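Please read the structure below before turning to the comments.
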Amino acid sequence: MSKTPIRLLVHGASGRMGQALLRLAADREDLRVVAAVSRKVDQRVVDGIPRFAAKELAGVPAFDAAIDFSLPDGFEAMLALCVSRSAAFVSGTTGLSDDQRGALDAAASRIPVLWAANFSLGVAVLDLLVERAARDLDGWACDILEQHHVHKLDAPSGTALALGASAERGGAAPRYASVRAGDIVGEHTVQFAGVGERVELVHRATNRDVFALGALTAAVRLAARTPGLYGMRDLLADA
């Protein structure tokens, strides 16, 4: 007997990630999009999904989880709505202030919350492997190379820094290098070098859909969790 689909709200529906979420969600049986929220609304219903303006959040239907890829100025209202509705909150919104990150921590005492710089399930596995390698390869040099398209401004990438934090937890002292070239979606290489040998852990994203697919999977898995602050690694055991 199939499970009841998770009722999903997409916040930031008009953005690149929001559009990918809506497109890919249509092919899944484990969730159903019940509302799409964006700054402005031109049509009230698109492909059977009700559309709401950001100022109309109070009027959205019941939902089990929300995925937020918006802007910092809309982040807190969406988080507050999830808390008031006892719904899971998944966010990839960047540029959050310290106060907004504090709001995430506070919300985690009441609902399941996940913020991630990268929603790729492969990167979540890479993160685990990096920490393990750093712990087992004590004293080896650790270098992280990240490569992205020419339009990406931040360097090192948020994912590279997150991998570096895992390496540090394992006892390594990572160094970073960045490349901006062509239309590279995203490549991360973590190298551990010892005397006479070298280990390389690599993840390559060849399609941006992997990030939307990971966020959808995260929402489904997070909706079944108890309140708390989660990362993508925490949801891998549900695979």
Response to the item:
Sequence order, region 35-48: Karplus ³J(HN,Hα) from phi using 6.51 cos²θ - 1.76 cosθ + 1.60, θ = phi - 60°, Hz rounded, Gly and Pro as x, gives 7, 10, 10, 9, 4, 10, 10, 9, 10, 6, 9, 10, 6, x
Discussion item. I'd like to compare 201-210, 92-101: which one has the highest average count of other Cβ atoms within 10 Å, and what's the full order after that?
Written reply: 201-210, 92-101
Discussion item. Nearest 500 deg cm²/dmol is fine: what mean residue ellipticity at 222 nm does the chain get from its DSSP H runs of n ≥ 4 alone, each adding -39,500 (n - 2.57), divided by its residue count?
Written reply: -10000 deg cm²/dmol
Worksheet item: Within straight cross-link reach of Lys55, meaning Cα distance under 21 Å, which lysines are found once same-chain residues fewer than 8 apart are removed?
Response: Lys40
Response to the item:
Per-residue Cβ contact counts at 10 Å, fewest first, order Leu163, Leu137 as Leu137, Leu163
Worksheet item: Any idea what the relative contact order of region 33-82 is, in percent, if you count C-alpha pairs under 8 Å spaced at least 6 apart?
Response: 31
Discussion item. Can you compute the modelled spin-label distance between Ala80 and Leu129, with each label point 7 Å from Cα toward Cβ, in nm?
Written reply: 4.4
Worksheet item: Once both labels are modelled 7 Å past Cα along the beta-carbon direction, what's the Ala106-Val179 spacing in nm?
Response: 4.5
Worksheet entry | Percent RCO, i.e. relative contact order, over the chain, from Cα pairs under 8 Å lying at least 6 residues apart | 20
Worksheet item: For the peptides 53-63, 182-192, what is the packing order when you average, over each peptide's residues, the other Cβ atoms within 10 Å and list the highest mean first?
Response: 182-192, 53-63
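The numbers here are math on the coordinates, done by the rules we state, and not lab data. If you're wondering where the values come from, they're calculated on a predicted model, not measured in any experiment. Positions of Cβ are backbone-derived with ideal geometry, glycine not excepted, and every protein chain shown enters the neighbour counts.
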